[in-house]
Amino acid sequence: MTNREFHPESLMMTHGYKPELSEGAIKCPIFQTSTFVFKSAEEGKAFFEVAYGQREKEPNEELGLIYSRLNNPDLQILEERLCLWDGADECAVFESGMSAISTVMLEFLRPGDIMLYSKPVYGGTDHFVNKVLPQYGIKGIGFTSTQEKDEILSLVKDQEDKVKMVYVETPANPTNALFDLEICRAVADSLSTSEKEVVVCVDNTYMGPLWQHPLKHGADLVVYSATKYIGGHSDLIAGAVLGKSKHMVRVRTLRTFLGNMAGPWTGWLLMRSLETLKVRMTQQASNTVEVAKFLEAHPKVEKVYYLGNLEEGSRQHAIFKKQLTSAGAMISFDIKGGEKEAFKFLNCLKLMKLAVSLGSTESLAEHPATMTHSDVSAEDRALLGISEKLVRLSIGVEHFNDIIWDIEQALEKV
Ligand SMILES: Cc1ncc(COP(=O)(O)O)c(C=O)c1O
């Protein structure tokens, strides 16, 4: 081949796939199979030794195909392709974003442990942290984007030894608040000892895998709802975790025994989606610039939460410059009024769909306070600005003038 290091988007059609192993098919077939035939009993034994960690792989030895809960070509090739965007050693694909997130938390936290987490997080994550983990004796302590390292550390004063994870969602859903990953890394490092590693895990769903690469900013693990930009067509549910091999071995092992890997069909759909990932996301982001400009100037809009209009010189702007390469395609805004006005706007949209989820080709609108984030405590919602007047938009690939027309006619009716 060549020594050239291709860009990830140039490799999304071919990386990791050998046509000669599949009758020359240019596209990876769907390996809709539960199990794989071994050439001999010795081969089966060797594959299991490696898969179950009983011995290290020999140089150039590849993990053989065993059983689709452990490995399957559609997932393996997809995982190799996803690694290219984030510069990760390894990736594991899950049947949902929530299964990726919950598996990471269950693997790295034990009864008695504390997890520091950024607030707000996606409503499902908030539920898992505040309603499920406490049942296993694990406590989540939240911090906000305005808190500095020392303030975050003071939240766990006298219980530093219990902290095992710093979990960060940046930008935060639905407010677009940015968290400084350098500070999160520094917090984790000050709480780590020779016996105890505090891992930093970042939910990069809003930006990834194109516009932010948390592993390059000190994170140990990155999680995704692959349902969003990675899938991109609102036709599947999936998740992914990426990171260094030493952490991913643990994530992959728990995935094997929870059995929450994605299936081959989902893997195949995601590979198809990855081919257009950059084109889609680029178009979505450029449409969002126009939509944000329109919202900013509209008299019925009180405040716009968009990463492209952060105030120069502000802390949020400094984080944006350091961590992100685009303002993305998510906008939230406060409509003048409250729930009544927000609902009127949502009910009057004609082109955009009133639905939760984000990152897909079609534009979506929703009301976080009563939908995605309705389970977040009222206290946190008030603290974090998830109010009744907040509307969240996910901008798609339609012509931006049509999206703006739709928003304008719906605002007129309010
Ligand atoms: C930021 C973020 N993380 C995680 C999830 C959960 O992903 P999934 O719905 O694929 O389980 C979502 C879903 O909306 C999300 O917005």
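Observations, loosely collected:
- Residue order, fewest to most beta carbons within 10 Å, for Cys28, Cys348, Cys201: Cys348, Cys28, Cys201
- Cβ-based net charge around Leu358, under 11 Å, with every Lys or Arg adding one and every Asp or Glu removing one: 0
- Pairs spanning more than 25 Å between alpha-carbon atoms, out of Lys18/Lys278; Lys149/Lys278; Lys228/Lys350; Lys164/Lys278: Lys149/Lys278; Lys164/Lys278.
- Within the same chain, lysines fewer than 8 places from Lys303 are excluded, and of the rest, those with a Cα less than 16 Å from its Cα are Lys293, Lys336, Lys389.
- Gyration tensor (alpha-carbon) shape descriptor, region 68-274, a/c threshold 1.5: prolate
- Part-to-part distance (alpha-carbon centres) for region 187-212 and region 386-414, which is given in Å: 34 Å
- Candidates per GluC sites (Glu not before Pro) in region 259-325, loop by DSSP, up to 11 other Cβ within 10 Å: Glu311, Glu312
- Relative to the current alpha-carbon distance between Val249 and Lys39, full extension at 0.36 nm per residue lengthens the span by 73.0 nm.
- Distance between the 7 Å Cα→Cβ label points at Ser154 and Lys27: 5.7 nm.
- Cα gyration tensor category, rounded, prolate or oblate, for region 335-391 with a/c compared to 1.5: oblate
- Loop sites in region 154-251: GluC sites (Glu not before Pro), DSSP, at most 10 other Cβ within 10 Å: Glu195
- Neighbour net charge for Met98 - beta-carbon separation under 12 angstrom, K R +1, D E -1: -3
- A simple spin-label model places pseudo-atoms 7 Å from Cα toward Cβ; at His7 and Glu275 they are separated by 1.9 nm.
- Shape category assigned to the chain from the gyration tensor of Cα positions, a/c cut at 1.5: oblate
- Annotation note: trypsin sites (Lys or Arg not before Pro) in region 125-200 located in DSSP loop regions with a Cβ neighbour count of at most 12 within 10 Å are Lys157.
No lab work stands behind these numbers, since they all come straight from the coordinates. In this text the structure is predicted, and so the values were computed from the model without any measurement. Cβ coordinates were reconstructed from backbone atoms using ideal geometry, including for glycine residues, and neighbour counts include every protein chain displayed.
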